[in-house]
Amino acid sequence: MDGKIIATVEISKGSRNKYEINHKTKELVLDRVLNNSVKYPENYGFINNTLAKDGDPLDVLILSHEPLIPTAQVMIEPIGLLEMIDNGKEDHKIIAVIKGDSYTEIFLDSESFCHSSLISLRVTLTDFFKTYKNNKVKVGKMLNKTAALQLIKESKII
């Protein structure tokens, strides 16, 4: 895929607050507070200029050592894809790192993301999404960078 991939952060790593940007008003709105002890394991947001099958921009989890500030614009490098169904609709999550962040360089080997060397990250993300809506979502397989880039390409609206 050519060009830069920019994401907008909506939720900081470690937060229980589920924020969403209202795409009409451009305001950051508190949608809900997670009702259990679960916190977002990584920064969460969307990939700019995309439209996913659920009618929203394509979701992204951005791996980083520190929480990112909501509304921050971040240049990302996709490394994988978590298949997910939410309320009967495809709601896949792109997994990405911050371009140029040495903390996450280990994840840049696109194939290792789906192998046992990163099993704890896969388990953490899968467990989070299975529980953050009280088991109302179905979490599927973790796919590699190629699958993530293909989904982004299919979701681009520019």
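The values are calculated or read from the model by the stated rules, or taken from the named source; none is laboratory data. Everything quoted here is computed from the prediction, not taken from an experiment. Because the Cβ atoms are built from the backbone with ideal geometry, glycine has one as well, and the counts that use them run over all protein chains shown.
Worth a mention:
- Note on region 33-63: residues that are more than 16 Å from Lys13 (Cα to Cα) and among the charged types (D, E, K, R) amount to 3.
- Residue match in region 74-92 (condition: touching a Cys at 6+ places or on another chain (Cβ under 8 Å) and closer than 21 Å to Leu125 by Cα): yes
- Checking each residue in region 1-48 for being of a type in the set (S, T, N, Q) and touching a helix residue (DSSP H, G or I) at 6+ places or on another chain (Cβ under 9 Å) picks out only Asn36.
- Those strands (runs of 3 or more DSSP E) of region 1-109 in which at least 3 residues are surrounded by 13 or more Cβ atoms within 10 Å (Cβ to Cβ), considering only elements entirely within it, cover 6-11, 17-21, 43-47, 59-63, 73-86, 93-98.
- Of all residues making up region 69-98, the number that are in contact (Cβ under 8 Å) with a residue 40 or more places away in the chain, under 13 Å from the mean Cα position of the chain (by Cα) and under 20 Å from His23 (Cα atoms): 4
- Flag set for Ile158, criterion: among the hydrophobic types (A, V, I, L, M, F, W, C) and at pLDDT below 85.
- Condition met for Glu42 (under 11 Å from the mean Cα position of the chain (by Cα) and in contact (Cβ under 8 Å) with a residue 12 or more places away in the chain): yes
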